[in-house]
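To keep things clear, I will list the structure first and then write my remarks on it.
The values are calculated or read from the model by the stated rules, or taken from the named source; none is laboratory data. For clarity, every value in this text was computed on a predicted model and none was experimentally measured. Note that each Cβ is placed from the backbone with ideal geometry, even for glycine, and that neighbours are counted across all protein chains shown. To get the accessible areas, we keep the full protein, side chains included, count just its heavy atoms, and leave off ligands, DNA and RNA. Shrake-Rupley method; radii C 1.70, N 1.55, O 1.52, S 1.80 Å.
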2 protein chains.
Amino acid sequence: MKTQDVELGERSYPIYAGKALLTDPSLYARHLSGRNVLVVTDSNVAPLYLQALIESLGNHNVSQVVLQAGEEFKTLDAVSTVYDELMAQKFDRSSTIIALGGGVTGDIAGFAAASFQRGIQFLQVPTTLLAQVDSSVGGKTGVNHPRGKNMIGAFHQPTAVIADIDTLQTLPAREYSAGLAEVTKYGLINQPAFFDWLSDNLESLLQLDPDTVAEAVLSCCRFKAEIVAADERESGQRALLNLGHTFGHAIENAVGYGVWLHGEAVAAGICLAARFSALSGFMPHAQVTTIEKLLHRANLPIHPPAEMTAAQFLELMSRDKKVRDQVLTLVLMRGIGKAFLTSSYDREALHQMLAEQPAKAAT
Amino acid sequence: MKTQDVELGERSYPIYAGKALLTDPSLYARHLSGRNVLVVTDSNVAPLYLQALIESLGNHNVSQVVLQAGEEFKTLDAVSTVYDELMAQKFDRSSTIIALGGGVTGDIAGFAAASFQRGIQFLQVPTTLLAQVDSSVGGKTGVNHPRGKNMIGAFHQPTAVIADIDTLQTLPAREYSAGLAEVTKYGLINQPAFFDWLSDNLESLLQLDPDTVAEAVLSCCRFKAEIVAADERESGQRALLNLGHTFGHAIENAVGYGVWLHGEAVAAGICLAARFSALSGFMPHAQVTTIEKLLHRANLPIHPPAEMTAAQFLELMSRDKKVRDQVLTLVLMRGIGKAFLTSSYDREALHQMLAEQPAKAAT
């Protein structure tokens, strides 16, 4: 087991990553203060890990909520289900919520923890690659609005993140690949050496070689912890973590939540950001190809859905949280490992590129 | 106009109190940063003040939501209505919500502001006595769960509070009296001289004498600002502001939200806290009578509903946010102006006192 701290003053917390952590009672004992624990998980993960986790909690008073799995159920109604159980069990402010599962479960459970009695503790036990390398770290919680992704939420840091890489063995290959989109993102933002390492080790990663997986998970947690520590509430550089996400959220919303996995939409979104960076003269075209090749090897889409129009993209992107007084800030790249934020770009060129996408998508 | 600052470091903000403030464009101009403004109000207040407020906002892009008035509508559904309008208007993170109305409106609008895109700015324009002296100050936002009051919410400080005492002229007498329960509360917590001033000036207050009202509102804002500045997130002394509220919330929940006004339930709750303080030997019985007399003169109930049983009280109080691992902390008094927190009290005596209440309530 290795530990990476997220340094946020009073709100600092450790990320534990390694094998056989989900059933390690000492980790829970260290981070549970009150008697009452509510485990929130989903219908995919419950049959695999819920019982094992509960048995590792010792003599706490444990209750559980099993949510319907899928991004399309990341709604305020799901959060209400969590509130209802907390109230039915008379759980008080000293209670803890444990989020067991992927990013959707963590986001829902985290927002419930942020808002129940104006804030209770919560522990992240991510079981997907995407959640382990990205969504469980950093305190962003929330749910989707029918008109926009992650529009309702709060910043609420967990008290610990317990990332057991053994759980990735049961993850469907498609979801594992989706996680690799976020892994790749860190290389593109500010870690060019990691991007090269990833290119060299992708086959081992796809074969779930434990040492390679552990190194990838820990590296990503370290990269994210550094960015979050520097800018907890995304007033500046933290927005770089949204590389590919503005385009990606538009794709998810357009095709319907859950049709494309979040990581798949991000992969296509990263490629759009790369292409627009090259078109705008920020980045060599050759690097776009390098990025596309890596994502393609990871079995990820590198083009948006053929049926999406430029108008649809721009309409959905206009609702992005990075819009300020109707101006959308984009995350673009000056090269691999050189992401930057800009609101100075050629809107006409963006429109034109998006209009030409569907033809490309056929390839 | 007088100004009282709430000192909270980066989150500090001013409370303006006085006449003709609601239509003062300079106050809004000073505190609105982005272009977009959503005014949230209710069906009682909209016909009285919505148009006047909107006309004072200059050339901002203004939208509005009119909620159904009443505590029974302080629900997650009401918050959703606010999200829906924000999304329909494509309002972004630089938008501001203005809460125009009483405590219910401020609580709903404030929680929407806390959670929309993980937090946008909001301005409180309280139009009831209760909101001006209590709920608009201090950053507590939230809504009720069917099983418990204010169970869902967040701490989210406003950017300013604009308390126009002229609006109290249109407040129904019953609601004005309800506000006086919270005014009295400050005297009981730690301001014995203010309690005496209140006894001496109650008739002027009930007659809405402008100078007396202004003095009462400003004094209460000052008292609350001091307590909030010392303990923003209620880890200790701020809980004294809940004097009468644990009993009061149980009453509101038992009779159904909106049947008793919040301030009415707090008045009866204060009397229960006073009686239990005297029964427990903390406070002279004569002071209980003094408190009851003042609240009675303010046209407030001093007994809980006759039909409420001790079992019902204890069941509902067991869901209070001040419960920690099944132990309920109470706010009691060692005398007028000497409130304190304790979890060491005779539970049997509390049960007995509550069991005897219904008989008394007939008086």
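At-a-glance table
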| quantity | calculated |
| --- | --- |
| For B:T3: the one exception among (1) surrounded by 14 or more Cβ atoms within 10 Å (Cβ to Cβ); (2) over 19 Å from B:V82 (Cα atoms); (3) among the hydroxyl-bearing types (S, T, Y) | (1) |
| Selection status of B:F155, closer than 20 Å to A:G142 by Cα, touching a residue at least 12 places away in the same chain (Cβ under 8 Å) and either open to solvent by less than 10 Å² (accessible area, probe 1.4 Å) or more than 9 Å from chain A (Cβ to nearest Cβ) (or both) | no |
| Flag for B:A181 being more than 22 Å from B:P47 (Cα to Cα), touching a residue at least 12 places away in the same chain (Cβ under 8 Å), open to solvent by less than 10 Å² (accessible area, probe 1.4 Å) and in contact with a Pro (Cβ under 7 Å, 6 or more places away or on another chain) | no |
| Residue in segment B:324-343 that is open to solvent by less than 60 Å² (accessible area, probe 1.4 Å), in a helix (DSSP H, G or I) and aromatic (F, W, Y) present | no |
| Subset of segment A:140-152 that is within 7 Å of chain B (Cβ to nearest Cβ) and surrounded by fewer than 23 Cβ atoms within 10 Å (Cβ to Cβ) - its residue that is nearest to B:A88 (Cα to Cα) | A:R147 |
| B:A160 being over 24 Å from B:K322 (Cβ atoms) and of a type outside the set (S, T, N, Q) | yes |
| Residue in segment B:74-85 that is farthest from B:L53 (Cα to Cα), counting only those that are assigned to a helix (DSSP H, G or I) and touching a residue at least 40 places away in the same chain (Cβ under 8 Å) | B:L76 |
| Options B:S95, B:S33, B:S26, B:S12: the member that is under 30 Å from A:V327 (Cβ atoms) and in contact with an Asp or Glu (Cβ under 8 Å, 6 or more places away or on another chain) | B:S12 |
| Matching residues in segment B:233-248 - criterion: being under 27 Å from B:P146 (Cα atoms) and open to solvent by 30 Å² or more (accessible area, probe 1.4 Å) | B:R233, B:S235 |
| Residue in segment A:163-171 that is assigned to a strand (DSSP E or B), among the β-branched types (V, I, T) and away from chain B (no Cβ under 14 Å) present | no |
| Set B:G258, B:G269: member being under 17 Å from the mean Cα position of the chain (by Cα), among the small types (G, A, S) and closer than 15 Å to B:Y186 by Cα | B:G269 |
| Matching residues in segment B:115-134 - criterion: being open to solvent by 10 Å² or more (accessible area, probe 1.4 Å) and within 14 Å of chain A (Cβ to nearest Cβ) | B:R118, B:G119, B:Q121 |
| All positions within segment B:87-110 that are within 13 Å of chain A (Cβ to nearest Cβ) and over 18 Å from the mean Cα position of the chain (by Cα) | B:M87, B:A88, B:Q89, B:K90, B:F91, B:D92, B:R93, B:S94, B:S95, B:T96 |
| Residue list for segment B:279-315, restricted to those being open to solvent by less than 30 Å² (accessible area, probe 1.4 Å), in contact (Cβ under 8 Å) with a residue 60 or more places away in the chain and assigned to a helix (DSSP H, G or I) | B:I291, B:L294, B:L295, B:F313 |
| Residues that are open to solvent by less than 10 Å² (accessible area, probe 1.4 Å) and under 25 Å from B:F276 (Cα atoms), drawn from segment B:198-219 | B:L198 |
| Complete set of residues in segment B:60-86 that are among the acidic types (D, E) and within 14 Å of chain A (Cβ to nearest Cβ) | B:D77, B:D84, B:E85 |
| Failed criterion for A:Y176 (all others in (1) farther than 16 Å from A:A17 by Cα; (2) over 15 Å from the mean Cα position of the chain (by Cα); (3) buried (at least 21 other Cβ atoms within 10 Å of the Cβ) hold) | (2) |
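Residues are listed down the side, and each one gets a yes or a no for (1) in a loop (DSSP other than H, G, I, E, B); (2) without any contact (Cβ under 8 Å) to a residue 24 or more places away in the chain; (3) buried (at least 19 other Cβ atoms within 10 Å of the Cβ):
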{"site": "A:I15", "(1), (2), (3)": "no, no, yes"}
{"site": "A:L22", "(1), (2), (3)": "yes, no, yes"}
{"site": "A:R30", "(1), (2), (3)": "no, no, no"}
{"site": "A:L38", "(1), (2), (3)": "no, no, yes"}
{"site": "A:T41", "(1), (2), (3)": "no, no, yes"}
{"site": "A:P47", "(1), (2), (3)": "no, yes, no"}
{"site": "A:I54", "(1), (2), (3)": "no, yes, no"}
{"site": "A:E72", "(1), (2), (3)": "no, no, no"}
{"site": "A:M87", "(1), (2), (3)": "no, yes, no"}
